[in-house]
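Scroll down for the structure; my scribbles are underneath it.
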Amino acid sequence: MFGRARGLIRPLPYPAIDGLRFYAAFAVFFVHMIGSIAFDYLHTPTEMWNRGTSVIWIRCLYFLSDGHHGVDVFFIISGFLMGRIVMESRQFSYGSFIWRRFLRIYPAFLASLFAATLLAVGLGYRFDFIVFLENLVFLNAVKELNVPPYNHVTWSLGYEFAFYLVLPLILWLSRAIGKLPAAVAMFIAAALLLPGEYLRILALFAGTVVAAIPDEKLRALARRVPLWLVLVAYETPLVLKSGTEIFSGAMREPRFYAIFLPLAVLAFIKITFDGGKVAAVLSSVALRALGTVSYSMYLWHSTVITFLFFYVLVPLGLYPYGGWFIAALLVGSCVGTLAVSTLSYLAFEQFYFKRRRASVSAPAPDTSPAAADALRDPLASGLVR
């Protein structure tokens, strides 16, 4: 079993990042699973959910469905990795960068979008070709357009591509004022220019700020901060956000995000660069393999949950007969999502990494400056989400 899992692992200079990817994907999966149980099975009224309640189990469900920000962890990781790729490039090509991002993201995205669209039509939703095309270019991420999503998680890919379009500016800016000032300047510009409803994109720019800091300084910072303090600090605003939205609504975005984002970045630095116990767990073979398929897991989990609900459990007569339905939905969704994600990775993602490895392979040793630059290129060592 572990031999097969090792086959999914790519070389990374920061192996704990693979485990963090799985944590992020599973957090999103769990949020949607709990929300599905709360609304579709327990029939929790939307007005009770939004306006608060004294019922303790609904409070717990609210935290479980809102108290984890896996997408933001994904964004921090992506901002860090893409920032390193761009800032460490000696011969940067904007066209090549966007093309590689397209090859990395679109194949699995297209497959999941077609599947989600077919499922929606099968459940009685009207197919709209224009809406499909708008989803194809991530216009569902633009809130003002009100584009109905066929796969509702893909809004985040729209944020990613918007980030990719402006990220190369950091290369030219860093040549004038240095890497870290350039990354900080871009973060501040994004914070000032972006409307409040797009604040979550700041996690991508925050990851780029981390990418601009040398590894030795990040390791020194990670060693200074106790792990328990980092984990408590990371969870505290999540608990407060869930709790206070129920009671008083006192910690809503952007105030929540101003507190949460720096703590999430600190947790990323601690786990990635300290090499402690949490990093050791996240660097294990099993979690690294799960991290490899995390992008497909993110794309496919909602479709798997919906398919299992309407096409398997309901026809079998398990809905709505008590705890057996919840158990079957939880177990079936976990197993189904993992199976589909692995197949999706093998079919639509693995070719990209094989292509990258082939493009940096040389038939004979080359000691030229260009070859040395290739070895320093993070893409050559698989440093890409």
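Just to be sure before I move on: is Leu330 surrounded by fewer than 20 Cβ atoms within 10 Å (Cβ to Cβ), touching a helix residue (DSSP H, G or I) at 6+ places or on another chain (Cβ under 6 Å) and modelled with pLDDT under 95 in the structure I sent? The answer is no for Leu330. For Gly322, the conditions (1) modelled with pLDDT of 90 or more; (2) among the small types (Gly, Ala, Ser); (3) more than 17 Å from the chain's Cα centre (by Cα) all hold with the exception of (1). Tell me yes or no: at least one residue of segment 147-161 is over 21 Å from Ser302 (Cβ atoms) and of a type in the set (Val, Ile, Thr). No.
Take the residues of segment 87-101 that are surrounded by 13 or more Cβ atoms within 10 Å (Cβ to Cβ) and not in a loop (DSSP other than H, G, I, E, B): which is nearest to the chain's Cα centre (by Cα)? Checking each candidate, the answer is Arg101.
Count of segment 275-300 residues, restricted to those that are within 17 Å of Val153 (Cβ to Cβ) and either hydroxyl-bearing (Ser, Thr, Tyr) or at pLDDT below 95 (or both), is 4.
The values are calculated or read from the model by the stated rules, or taken from the named source; none is laboratory data. What you see is a predicted model; the values in this text were computed from it and never measured. Positions of Cβ are generated from backbone atoms using ideal geometry, with glycine treated the same way; all protein chains shown enter the neighbour counts.
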